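Sharing a structure, written as structure tokens. Questions coming.
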Protein chains: 4
Amino acid sequence: MEVGFLGLGIMGKAMSMNLLKNGFKVTVWNRTLSKCDEVVAHGASVGETPAEVVKKCNITIAILSDPAAALSVVFDKDGVLDQICSGKGYIDIHFLEAPVSGSKQPAETGQLVILAAGDKALYEEAVPAFDVLGKKSFFLGPVGNGAKMKLVVNMIMGSVMNAFSEGLTLAKRSGLNPHSLLDVLDLGGIANPMFRGKGPEMVKDNYSPAFPLKHQQKDMRLALALGDQNAVSMPVAAAANEAFKKARSMGLGDLDFSAVYETVKLLKHSS
Amino acid sequence: MEVGFLGLGIMGKAMSMNLLKNGFKVTVWNRTLSKCDEVVAHGASVGETPAEVVKKCNITIAILSDPAAALSVVFDKDGVLDQICSGKGYIDIHFLEAPVSGSKQPAETGQLVILAAGDKALYEEAVPAFDVLGKKSFFLGPVGNGAKMKLVVNMIMGSVMNAFSEGLTLAKRSGLNPHSLLDVLDLGGIANPMFRGKGPEMVKDNYSPAFPLKHQQKDMRLALALGDQNAVSMPVAAAANEAFKKARSMGLGDLDFSAVYETVKLLKHSS
Amino acid sequence: MEVGFLGLGIMGKAMSMNLLKNGFKVTVWNRTLSKCDEVVAHGASVGETPAEVVKKCNITIAILSDPAAALSVVFDKDGVLDQICSGKGYIDIHFLEAPVSGSKQPAETGQLVILAAGDKALYEEAVPAFDVLGKKSFFLGPVGNGAKMKLVVNMIMGSVMNAFSEGLTLAKRSGLNPHSLLDVLDLGGIANPMFRGKGPEMVKDNYSPAFPLKHQQKDMRLALALGDQNAVSMPVAAAANEAFKKARSMGLGDLDFSAVYETVKLLKHSS
Amino acid sequence: MEVGFLGLGIMGKAMSMNLLKNGFKVTVWNRTLSKCDEVVAHGASVGETPAEVVKKCNITIAILSDPAAALSVVFDKDGVLDQICSGKGYIDIHFLEAPVSGSKQPAETGQLVILAAGDKALYEEAVPAFDVLGKKSFFLGPVGNGAKMKLVVNMIMGSVMNAFSEGLTLAKRSGLNPHSLLDVLDLGGIANPMFRGKGPEMVKDNYSPAFPLKHQQKDMRLALALGDQNAVSMPVAAAANEAFKKARSMGLGDLDFSAVYETVKLLKHSS
């Protein structure tokens, strides 16, 4: 099977390299062509236009940075629409916002979780590629369900991060060693990779962005809006969202979302 | 080493059996003596009074159901005070509230997490017993730190449970399959034993009490009071606490603390 | 001065009657013409189309039930655009959502508060009419500021209503007479017309809609969205919004917004 | 009727002066006797000890700064207990915490609201004095109800202050003039003396303490504890309490409780 890739950012590059390593034929396109060099050196072909990639491949995967780029690649001259026809599969992956759970490292190692929704037949055709790209793929039903699932998961994650930040602060101010708290948590019922990975960094005030706080807050906002549409009252998520907004107002939006810890730690008055 | 046990409730019995299995000499006392029969059948001796147990053993562990019982065992006639003297170790374990993390099953299998605080020398003397009783023991500093650590952990757990309940409800009302959410969560950064264990039961409205909701809410309240003393603002924990209180007002206090899910699911008006 | 009225719902009828009583010439238009009968009996003229009203009057005030109606009246054939030209004033009043604070009764008695924004010259021309329609009018700057002001005021009102509901419930459950609480509040620093007017009704579980809860919740949501745009963290408003959402999920959306009291009172479990 | 006063702080002095002006005979006692000079100059007698005051007067009113002082005046040598007997009335007034609503200025002008609870007959005997001291007195039932009522009122007030602070901040950040908001609020359904009095000061960042923030937060905490006892879930009060705690952690505890506005305004990061 020949797989096309439109977009070779951090995620697209990692995913296409992964397919190449597993014996897939891969054709790539990127607006800035030079970004294709590395994958070409590993055996990929290059398409001149999105249309050319679609013409050549059974399945084309678009993983573009924002909705504008995603639309342009479809509708512009020499775009996907020029070649899409029966027998061609087109998969749009919204990085960070929707149907992929995981970021750079899981993309490189094929450990993504793929939250697919929409055309069941296309999903099934793409499963061999998904099996390489992710440790698990889900087919979640009608279009939209992938994005909804991502929102629900990220909303829970955002609230959990706030709970963790509050607990860390309470431990420190009460005279406990925060590293002891991390150790105790890691042996108990809510032990999880996020506490394990981010906890020691947070104790050092290190918030190198893996998932920027402003994106986390956007997902909280969208999840709360989804709750509003469905009349679901979510007081804990709402409180967590306000903490993320407070962090944004403190200028922390571009740091990792764990920087919400700073809003809880806050001690001194800054006029 | 000879270890004494005052109190043979669910936890005390499981812990003393565990020590017996591992070759410790164990002497037990319980207000209702008949409760000692099973451990005696496995090789334990019986003390007539708390004082007699303390006299005979290097280390005596009290694990009593409530503070009144704990005080009585120390201060009553033939109580611990009659015999405690240099060379005698006395360890008070508050089940569910303080320095043991874990309940019946971990007690039986030696998988408790022991949060010790107070007398460092006594802690070190007791380590061989702790190594049998728990998968890990911590020495956390001055008396009080064990209870504080337990409160911090349970506070985080309570907020996390609320975040989970809100996410499950949002998923269902948005047309997602809650089992898919559980599957996706279990592959991601906040995968944890509690979601894995309680999630499928919650989807079935099963709240058989492992840790009763009213106790969880009491721990939230005490953790918030600890935060108040130390001027730590914890809006997410406060919102979670109010949800647990709402659950109590709905008559769910004796169910498992996961029953807070019912407050989020709530749809119909009950006058 | 001749004033035109497009829309004779509850508010438009009360406002045009008020102008007639105060000696203004009034020309009205309503999609269903029969609704004009009462004001015609009191001296108003009728325009066949919005365009005809605008042609005849110096200032035309549109007060329509929803945005679709507001757009149609402007852009449809024989709509406002056909006649609007220099020297013609056009004022769009969004009932309940934007620049009028107050509902039916204040409209009848000329006690509205008018939150105008946009064209300063038009505002000044309309002041004589505003002086009749309202006890006070404000000019708040660029277009949009009227709606924003309305949102801010309603957001505060929604949080205050929740605070009031919680206090009433706490008083009752603690064994205090809720009427005593109303009396004490009415003598203190936060005495206000809303407590005085709605308090006794709430104690009787009477929530006849003056301002429907679903509209109040919509305003909370929009105010929180405005806060999100401006990075303002508002945890109390967020908690209040979730309570209104809970009320919606309990089927109380069409009652008065004071019915949020029911979410606090809630005692029994309704599966 | 002869009225005794134990304690001549800000409140006690204002209240006893008020009774003197209205023709009551007043006998006062204060630990530091020199504080009695001013009221003596206006006609009061002085008692050497609390016991002497009680012996001389039909009704003795104690208004002391803290519980320790209140206990000492009753139980110490020459304290109230030495002389209290049938026919003697003793009224304990906890300033700021319990049964008086209002502070210095209302005390001077006889505009207090008196929240009495306990002995009905004593209440009735004291009514003539209460009629001078306050604009209104309530008899609220068993001992404790006065304090509870005060807590409920202050809890509502604390949430309302937060709602107001959030609204003021939202208005400013959205480009509205905060003075316009104050004007609009003052014409609407939630117009109240607190918005009118404190609003313009808050806009100027003036938080001269009328009611210190740390006392307001203490009342929120106690009201939430009362809610906990009675299983009343109060998410808005809980969110407001966390904001007051945040203000305490920012070092604002001794300013007026309106300084909670600073927690909402907070923009910059203070490491």
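Label A:Lys120 and C:Glu108 with points 7 Å out from Cα along Cα→Cβ: what is the distance between them in nm?
Each label point is offset 7 Å from its Cα along the Cβ direction, giving 5.9 nm.
Give me P(r) over the protein assembly as shown, computed from all C-alpha to C-alpha distances, binned every 20 Å, as integer percentages.
11, 32, 35, 17, 5, 0
For helix C:145-173, what angle does its Cα long axis make with the longest principal axis of chain C, in degrees from 0 to 90 and rounded to 10?
With both axes taken from Cα atoms, the answer is about 30 degrees.
Here's something else I'd like to know. Over the Cα atoms of the stretch A:113-194, each weighted equally, I'd like the Debye log10 I(q)/I(0) at q = 0.14, 0.17, 0.26 Å⁻¹, rounded to two decimals.
-0.66, -0.77, -1.18
Please find, among residues of chain D, the one with the beta carbon closest to the rotation axis relating it to chain B, distance in whole Å.
Closest to the axis: D:Ala238, 2.
As an exercise, identify the trypsin sites (Lys or Arg not before Pro) in the stretch C:155-205 lying in DSSP coil whose Cβ has no more than 13 other Cβ atoms within 10 Å.
The qualifying sites are C:Lys204.
Quickly estimate the mean residue ellipticity at 222 nm for the protein assembly as shown, helices only: each DSSP H run with n ≥ 4 gives -39500 (n - 2.57), and the total goes over all residues, rounded to 500. Before the final figure, lay out the partial values.
Numbers: 48 runs with 550 residues, N = 1084.
-15500 deg cm²/dmol, from helical runs alone.
Further question: Rounded if a/c is under 1.5, else prolate if a/b is larger than b/c, else oblate: which is the stretch C:102-144, with a ≥ b ≥ c the root eigenvalues of its Cα gyration tensor?
Cα axes put the stretch C:102-144 in the oblate bin.
Considering only the label points, 7 Å along Cα→Cβ from Cα, what distances in nm to one decimal separate D:Met1 from the same position in each other copy, shortest first?
Relative to the other copies, D:Met1 has label-point distances of 5.9, 7.1, 9.2 nm.
For chain C, take N as its residue count and report Rg(C-alpha) divided by 2.2 N^0.38 Å.
Cα-based Rg divided by the globular estimate yields 1.13.
Averaged over its residues, how many other protein chain Cβ atoms are within 10 Å of peptide D:193-200's Cβ atoms?
What the average comes to for D:193-200 is 2.
Every other copy gets compared here: list the nm distances from the D:Ala191 label point (7 Å along Cα to Cβ) to its counterparts, shortest first, one decimal.
1.4, 6.2, 6.4
A further question on this structure: Based on the Kirkwood radius over alpha-carbon pairs, what value in µm²/s does the Stokes-Einstein equation return for the translational diffusion coefficient of the stretch A:146-265 at 4 °C and 1.567 mPa s?
This corresponds to a translational diffusion coefficient of 89 µm²/s.
Between copies, how far does the label point of D:Ala121 sit from its twins, in nm, shortest first, when each point is 7 Å from Cα along Cα→Cβ?
In ascending order, 6.4, 8.1, 9.4 nm.
So how tilted is helix B:193-203 from the main axis of chain B? Cα-based, degrees 0 to 90, rounded to 10.
For helix B:193-203, the angle is close to 50 degrees.
Defining a contact as two alpha carbons under 8 Å apart and six or more residues distant in sequence, what relative contact order in percent does chain C show?
14
Suppose R0 equals 30 Å. What FRET efficiency, 1/(1 + (r/R0)^6) with r the Cβ-Cβ distance, do B:Asn22 and B:Ala191 give to the nearest 0.05?
My answer for the efficiency is 0.40.
Bear in mind these aren't lab numbers, they're just calculated from the coordinates by the rules spelled out. Keep in mind that this is a model prediction, so the values were computed, not measured. Positions of Cβ are backbone-derived with ideal geometry, glycine not excepted, and every protein chain shown enters the neighbour counts.
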